[in-house]
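This report refers to the structure that appears directly beneath it.
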Amino acid sequence: MLNLNGRIWRGLLVLAVAGLNVLIIAHPTVALEAAGRGLFLWFNSVLPGILPFVIGANVLAALGAVNVLGLLLNPVMKWVFRVGGRGGFALAMGLVSGYPVGAKIVCEMRGRGELGKTEAQRLLGFANNGGPLFILGAVAAGMFGSVVLGYLLLATHYLGAIVIGLVMRLYGKRKGDGAEAGQTPIITMQPRGAFGQILGKAVSNAMETLLLVGGFIVLFSVVSALLNQVGLFGILADFVPMDGDYAPAVLTGIVEMTGGLGALSEFGINGAIGALAAFLLGFGGLSIMFQSLSFIGKTDLSSGIYILCKLGHGALSAFITWMVYPLFTKSIEESVAIAVFAPTPTRVLASSATHFALVVVGLVVLCLAILTFRTLRRDQG
């Protein structure tokens, strides 16, 4: 029976891929334009926005900074999320850098044995999130033209992730395997090789990761455009329990998040659109989902639990946005009016997002430096 089910799924996958190739041949112009949009998005937003963070995370991990940060965050991570302090590194990078860096770091730490299976599964559920550069810059300023909406979406996005983290405390209440949640890390600052070698490997690994991400973005941009071209989204929209005008945009976003957010922005801004945008940001779409699954597949972690967490994240963020949106309606309307006359709203929002990210990174670096200095002085004494 198991073999039969496997053959059925394999057969369906073959048919789906073959159908995609047929659609590409039947609609080459649509596929080419969609691939170009996906490549443009990757080259102009994803690559410059994520690459420095991935390189920095790789260098910090190789220098042993994860253990130092783990000692600093161990009490908080243990008490709040029932995860060891090392997980704080993955959470911080996942909040600041954006998809799919959080999933990548968690899976790599699990592969190196720095996280137990139970705590890695908990952490994976809430450490992989959209970054402030994308939410404030590309989405808020570039698509919706509202400063206030951007910060509202960012706040509800992070709050949804924290709630999922609290819920995941209940996962695996029995004794974990390997490293126990909250285990105090051993302080080691011995680098894994010479710095030149570390930096070279960090850049190589980062480029490999970003090329993988770019491939997924282009692929799902093409898939989304072709499904819309043949009218599938229009057919499915009749079965979606929401405003018929919004349904095709949401279905587009479920396949490829950025395209769906752009389609939603064409309807203007209201509570429903804000909630739907929050859902897409929390869930991430199939493109980001498969980017993350490509890392999860190399570990012993459950993909199904991760998918449920992202669905929950999207639903929670949407609900919170829907509830609090009326409190910010006037401010959002005023920010949209200002954006109409502002010469460079995207540049302003991107700058504020950059400042936010730099402040977070700066605080982390400062804490690491202080703790490292104190550790070295204690060792010398």
### Query
How many nm is it between the label spots at Leu232 and Met207, if each spot is 7 Å from the Cα in line with the beta carbon?
3.5 nm
### Of all accessible heavy-atom area on the stretch 71-182, the percent that carbon and sulfur account for (1.4 Å)
66 percent
### Förster-model FRET efficiency, 45 Å R0, Trp79 and Phe239, C-beta, rounded to 0.05
0.50
### Summary
Computed over the stretch 1-88, protein heavy atoms only, probe 1.4 angstrom, the accessible area per residue in square angstrom equals 58 Å²
### Query
Do any trypsin sites (Lys or Arg not before Pro) in the stretch 232-341 lie in a DSSP loop with no more than 12 other beta carbon atoms within 10 Å, and if so, which?
Lys298
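Accessible area per residue of the stretch 190-305 at 1.4 Å probe, in Å²?
Solvent-accessible surface per residue comes out at 42 Å².
Using a probe of 1.4 angstrom, how much of the accessible area of the stretch 194-264 is carbon and sulfur, in percent?
On the way: 2140 of 3190 Å².
Reported share for carbon and sulfur atoms: 67 percent.
The values are calculated or read from the model by the stated rules, or taken from the named source; none is laboratory data. Nothing here was measured: the structure is a model prediction, and the numbers come from that model. Methodologically, a virtual Cβ is constructed for each residue, glycine included, from the backbone with ideal geometry; neighbour enumeration extends over all protein chains shown. Heads up: the accessible areas ignore ligands, DNA and RNA and are worked out on the full protein's heavy atoms, side chains in. Shrake-Rupley method; radii C 1.70, N 1.55, O 1.52, S 1.80 Å.
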